[in-house]
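Undergrad: I'd like to ask some things about the structure below.
Rule-based calculations on the coordinates, nothing more; no lab input. This is a predicted model, so every value here is computed, not measured. Reconstructed Cβ throughout: ideal geometry from the backbone, glycine too, with neighbour counts over all protein chains shown.
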């Protein structure tokens, strides 16, 4: 509202009335400013509280108990053909998924004693140069863990993955199909232009990309919390969260991470957890029988189970110059024989993983165990009933699409 110039007096009004109106307008403007400032401060305070709550949640999620297994890459060198090497890696991936393993460490148990070829791989610590067999095992493990709709983005054609199509799928819960309606999905940030102040567009395996809250470089794998759609809007919106969030909030197993260790000592020293592994278990036929471990009394927050290769953990210790220990049993809290009185002279590593993880289920007790998954939105099996037109149930096997 524009005020009349001071020199012009409106007809029928005294100067006193005009001054009172001006003061009232000024008071009104000041009150509006105060209300706006109060609203802005309240919004900022609310955002700050939310941010603190998210940080606290992230800390709680990081404390959830985890299980890691370490396997030597040299076991692939004992396989007779490229197909068998690939299938062996697939067996390890299946075992890790079945027993909800959080981390797989592929370590070099031979070292530089033999002049073997080196190769490169991107793992959680960046680009890693390691023994060729270690890199191939790690690459196949990563490939199988990755949801199918993301593999073309992260895994170009490579010699190590030549026979990966023969492998049994993991059928892990985070390998979501388009028909699954779950609150979390794995995705990749796309190279698309976005408006200023908006987050990245993420491909999560649906018909359209999801608009997120953070602007990240393209080509990064992220975990997205799917938000309910806005009223009258068809656009999908989501929020980028940490990898541990889905399991912490719902209890559903969300896959494993893979890292490479160039020696046995790096299995321990490059631990991604802040306080390291508080429980370490070594497996060997020279260890104490696993039956001697008390049931549900071996507590852990971050457990590590190390498996040996063809010549056992003892050979890995001999080839590691950083470890000044005479006996392998001194490296671990428990040094166990997973199957006493075995019928075969040797237990293969892929067999030892299944035997050990089965036996340890009744022995280990997590300090912060994830909740049991009770929600909906996931396919519980590759084969599930579909209602047909004549009201009869037909079984449709979708595992071939994995």
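Undergrad: Between 51, 136, 148, which gets the highest mean-square fluctuation from a Gaussian network model of the chain, Cα cutoff 10 Å?
TA: Of 51, 136, 148, the most mobile in the Gaussian network model is 51.
Undergrad: Can you give me the angle between helix 15-62 and the longest principal axis of the chain, using Cα atoms only, in degrees from 0 to 90, rounded to the nearest 10?
TA: 10
Undergrad: Another question about this same structure. In a Gaussian network model over the chain where Cα atoms closer than 10 Å are linked, find which of 341, 168, 368 has the largest mean-square fluctuation.
TA: Checking each option, the largest mean-square fluctuation is seen for 341.
Undergrad: Still on this structure, I have one more. What per residue convex hull volume, in Å³, do the alpha-carbon atoms of the range 173-252 yield?
TA: Dividing the Cα hull volume of the range 173-252 by its residue count gives 102 Å³.
Undergrad: Hey, how many Å between the Cα centroid of the range 219-260 and the Cα centroid of the range 164-214?
TA: Each part's Cα centre sits 8 Å from the other's.
Undergrad: Over the chain, what is the percentage of antiparallel beta bridges among all DSSP beta bridges, to the nearest 5?
TA: The answer is about 45 percent antiparallel.
Undergrad: Can you tell me the 0 to 90 degree angle between the C-alpha axis of helix 132-145 and the longest principal axis of the chain, rounded to 10?
TA: Computed tilt is about 50 degrees.
Undergrad: How large is Rg/Rh for the range 119-218, to two decimals, with Cα atoms and a Kirkwood Rh?
TA: 1.02
Undergrad: GNM on the chain, C-alpha springs below 10 Å: top fluctuator among 349, 43, 86?
TA: Maximum among the listed residues: 43.
Undergrad: For the range 173-252, calculate the relative contact order in percent as a whole number, restricting contacts to Cα pairs under 8 Å that are 6 or more residues apart.
TA: 27
Undergrad: How do 311, 334 rank when sorted from fewest to most other Cβ atoms within 10 Å of their own Cβ?
TA: 311, 334
Undergrad: Note the angle between two axes, namely the Cα long axis of helix 349-360 and the longest principal axis of the Cα atoms of the chain, as a number of degrees from 0 to 90, rounded to the nearest 10.
TA: 70
Undergrad: Under the rule of -39500 (n - 2.57) per DSSP H run of 4 or more residues, summed and divided by the residues of the chain, what mean residue ellipticity at 222 nm is obtained, to the nearest 500 deg cm²/dmol?
TA: Value at 222 nm, helices only: -9500 deg cm²/dmol.
Undergrad: Over the chain, what is the mean sequence separation of C-alpha contacts under 8 Å (at least six apart), divided by residue count, expressed as relative contact order in percent?
TA: Contact order relative to length: 19 percent.
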